[in-house]
Amino acid sequence: MRSSTFTRRQALGSMVALGASALTGKALAADAYPSKPIQLVLPFPPGGSFDPVVRSLAQAASKELGQPVVLMHRPGAGGIMGTAQLAGMKEADGYTVAVMHNSVIRAPLVQRVDWDPRTDFSYLCSLFGLVTGVVVAQDAPWKNFGELMAEAKARPGTLSWGNVGAISINRITAERLARAAGARFNMVPFKGGAEAFQALIGRHLDVYADPGFGAQVQGGRARLLATFTEQRLKNYPDVPTIKELGHAFSIDSPVGLVAPKNLDPKIAARLQDAFQKASSDPTYLQQLTLFDMVQSFTSGEAYAAYARAQFDRDQKMLAEIGFKLD
């Protein structure tokens with residue numbers, strides 16, 4: 001009987017020791033982080049406006065973390081697939097992070113997916129805000145937004161309007177704007193901005209309304225007709241906002257970083273701190289200015305709260321336009 005009791009006590013003691021060892025090992029792993037390169041998933045193809053912006057941020061973060069932050073392009077599903085893959089990852093070790101944007105937050109409302117953006121990611125921080133502008137080719141016939149809308153009303157469904165992804169806020173807002181103005185466009189989804197601008201400049205696309213227009217406009221290849229901002233942009237003081245033109249629409253599009261859910265808080269804090277410092281890098285800030293993006297850093301906690309609120313706002317907006325998930 002004593003032998004049996006002693007054996008049980010030994011087993012219990014071993015289990016406690018193993019548990020303590022596991023906890024200690026986890027703490028040591030967090031303290032030693034990072035000990036190898038970190039993958040930063042960008043859910044868009046190379047060549048678009050996100051590429052140079054996020055690449056410069058990754059390079060700056062590498063210096064802060066002491067390990068390479070390697071940019072990985074994983075496009076698909078309008079910029080959703082690459083980020084969504086993290087929702088199914090079992091390893092939340094801080095060595096895979098991804099760019100998060102509002103189309104990913106909205107995805108479960110417009111298509112059937114097996115993940116929830118409110119619960120299946122660890123939110124690290126928001127980084128910058130996108131600015132959506134309505135642009136046409138420099139040699140297009142429309143000199144202002146009023147002329148464009150007049151033709152869209154006169155010839156409904158004839159003019160093509162492009163966006164990245166079929167369910168982006170830019171696409172949805174464009175549909176709402178056209179409906180409110182009594183116009184109709186032929187909406188065309190693109191995989192990325194580089195592809196869309198190539199079509200626009202080649203006059204295979206009439207209108208493009210998405211972020212990342214700065215380089216094309218400043219390079220004289222495209223003309224900015226209006227912006228979906230609350231105020232006129234400093235770089236384009238003569239370009240009106242959509243609201244100024246009498247249409248009650250604006251677009252708020254923050255972009256941030258997420259990791260798989262259940263990330264160790266110490267690792268999350270390390271990443272947040274590194275990317276906050278990296279967001280002050282001169283090259284990164286120069287790229288933001290070039291592509292008319294606005295620095296807007298917030299904590300992971302604040303970004304997660306935004307995501308939950310945005311999910312509710314999108315749900316209401318989709319209900320207003322009569323969208324139903326099949």
For segment 133-227, give the share of DSSP beta bridges that are antiparallel, in percent and rounded to the nearest 5; count only bridges with both residues there. 55 percent
Restricting to lysine pairs 8 or more places apart or on different chains, what number in the chain have Cα atoms under 17 Å apart? 12
Would you kindly calculate the translational diffusion coefficient of the chain, applying Stokes-Einstein with the Kirkwood radius from alpha carbon pairs, for 25 °C and a viscosity of 0.890 mPa s, and quote it in µm² s⁻¹ without decimals? 115 µm²/s
Longest to shortest principal axis, alpha-carbon extents of segment 204-288, angstrom: 48, 30, 29
Enclosed volume per residue, in Å³, of the convex hull spanned by Cα atoms of segment 280-320: 76 Å³
Those trypsin sites (Lys or Arg not before Pro) from segment 49-116 that are DSSP loop and have at most 16 other Cβ neighbours within 10 Å turn out to be LYS90, ARG112
Connecting C-alpha atoms closer than 10 Å in a GNM of the chain, tell me which of GLN286, GLN310, GLN111 has the biggest fluctuation. GLN111
Take the Cα coordinates of segment 183-326, assign each an equal point scatterer, and use the Debye formula without solvent to give log10 I(q)/I(0) at q = 0.14 Å⁻¹. -0.96
Out of every Cα-Cα pair in segment 87-139, what percent are more than 18 Å apart? 49 percent
Where is the GNM fluctuation largest for the chain (alpha-carbon springs, 10 angstrom cutoff): ARG223, ARG313, ARG171? ARG313
Rough spin-label spacing in nm, given labels placed 7 Å along Cα→Cβ, for LEU290 and VAL70: 2.4 nm
For the chain, what is the mean residue ellipticity at 222 nm derived from helices alone (per DSSP H run of n ≥ 4: -39500 (n - 2.57); sum divided by total residues; nearest 500 deg cm²/dmol)? -13500 deg cm²/dmol
Counting DSSP beta bridges with both ends in the chain, the antiparallel % (nearest 5): 60 percent
Segment 133-227: translational diffusion in µm²/s, Stokes-Einstein, Kirkwood Rh over Cα pairs, 37 °C, 0.692 mPa s: 253 µm²/s
Projected area of segment 245-326, taken from the Cα convex hull and averaged over every viewing direction, in nm²? 8.5 nm²
Orientation-averaged projected area, Cα convex hull of segment 26-158 (nm²): 11.4 nm²
Given DSSP loops and a limit of at most 15 other Cβ atoms within 10 Å, what is the longest stretch of the chain that contains no such GluC sites (Glu not before Pro)? 92-229
Which of PRO254, PRO108, PRO141 moves the most in a Gaussian network model of the chain with Cα springs under 10 Å? PRO141
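Bear in mind that the values in this text are calculations on the coordinates, not laboratory data. Since the model is a prediction, treat every value here as computed from it, not as a measurement. We place every Cβ from the backbone using ideal geometry, glycine too, and count neighbours over all the protein chains shown.
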